[in-house]
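Before any comments, here is the structure.
The values are calculated or read from the model by the stated rules, or taken from the named source; none is laboratory data. As the structure is a prediction and not an experimental result, all values here were calculated from the model. Cβ coordinates were reconstructed from backbone atoms using ideal geometry, including for glycine residues, and neighbour counts include every protein chain displayed.
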Amino acid sequence: MIRANFTASLTSNQGDIGISDTSLPVTGITTGLDIDGWLCARNEFISEGPLLSAHGVIRFLPITFKFQYTNDERGHPRYTISADNGNFAYTGARLEVNRNGWLGLYSTHLAGRIVDSLSPFPGVSQLRTNSWRIEALEEWDGSMDNVENIDFHLYNYNALPIKLDIQKYVHEGFRSTVPFLRTANAGSGSLMFRLRDIKLI
C-alpha cells in the first residue's frame, strides 16, 4: 500500500466509515460528548433523519482521515491516523482505541483540546495507541490509478483487526441502531476496508 502521507475517506464491506455526532446544527454545541467521535459504519445506521438517544440527536458524520506514514512492519505500512475534514470539533483529532476496544477520535471539541494542552507530556500517551497497520488482501502494483480498488484489513497497535459492534438505543419511544467499530478477537471476523478520494500530501 501507499508508503507516503495522504488524506482519504474510508469505506468498508459494511458501508462508509464516519463518526457518531450529536452536535447541534449551526451552533456546533454537542449534546453527548460520550457519544461523539466514535467510529461507525453507515450501513444499518438509520440515515433518513436524525437518530435519537438519551443523549439527544445522533447523526452519522462522514470523515476524511489523514494517514501519516511512519514505518513498515513485516512488509506492511504503519500510519498514525487523524481526522482532516475542516470541522473544528474533529480536525486533528487522533484515531485511537480505548481500553474496551472501541475506536474513536481523541482530542475533540474545545474540551479535548484543553485537556491535551494541559498534559505535562503532550503526545506521549498516543505514541502506541495511534499506530495502525494496513494489510492489503491482494497485490498492488504501485499505481495510484487502482489503489482505491484494493481491499485491506486495518490492525491496531496490538495487531487486533477491526469489527462492527451494533449498539441499540431507546429513548421516549425512538429506537436507534449504531454500528460502532471496535477491535476484534482472533477468529471473530473483521471488516474489509478500501480507501476513497486519496490525496497525497
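What do you reckon, is GLU135 touching a Leu at 6+ places or on another chain (Cβ under 7 Å), modelled with pLDDT of 90 or more and surrounded by 10 or more Cβ atoms within 10 Å (Cβ to Cβ)? No, not satisfied. When each of LEU61, LEU95, LEU52 is tested for being modelled with pLDDT of 70 or more and surrounded by fewer than 21 Cβ atoms within 10 Å (Cβ to Cβ), the lone residue that passes is LEU61. Of all the criteria given as (1) among the β-branched types (Val, Ile, Thr); (2) within 24 Å of TRP38 (Cα to Cα); (3) modelled with pLDDT of 95 or more, the one not satisfied by VAL147 is (2).
Could we say that VAL115 is assigned to a helix (DSSP H, G or I) and either modelled with pLDDT of 90 or more or not charged (D, E, K, R) (or both) here? Yes.
Out of the residues in the range 137-166 meeting the condition of being within 29 Å of THR177 (Cβ to Cβ) and of a type in the set (S, T, N, Q), tell me which one is nearest to the chain's Cα centre (by Cα). Result: ASN156.
Conditions tested, residue by residue: (1) of a type outside the set (Val, Ile, Thr); (2) modelled with pLDDT under 90.
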position: GLY15; (1), (2): yes, no
position: GLY18; (1), (2): yes, no
position: LEU24; (1), (2): yes, yes
position: THR27; (1), (2): no, yes
position: ILE35; (1), (2): no, yes
position: TRP38; (1), (2): yes, yes
position: PHE45; (1), (2): yes, yes
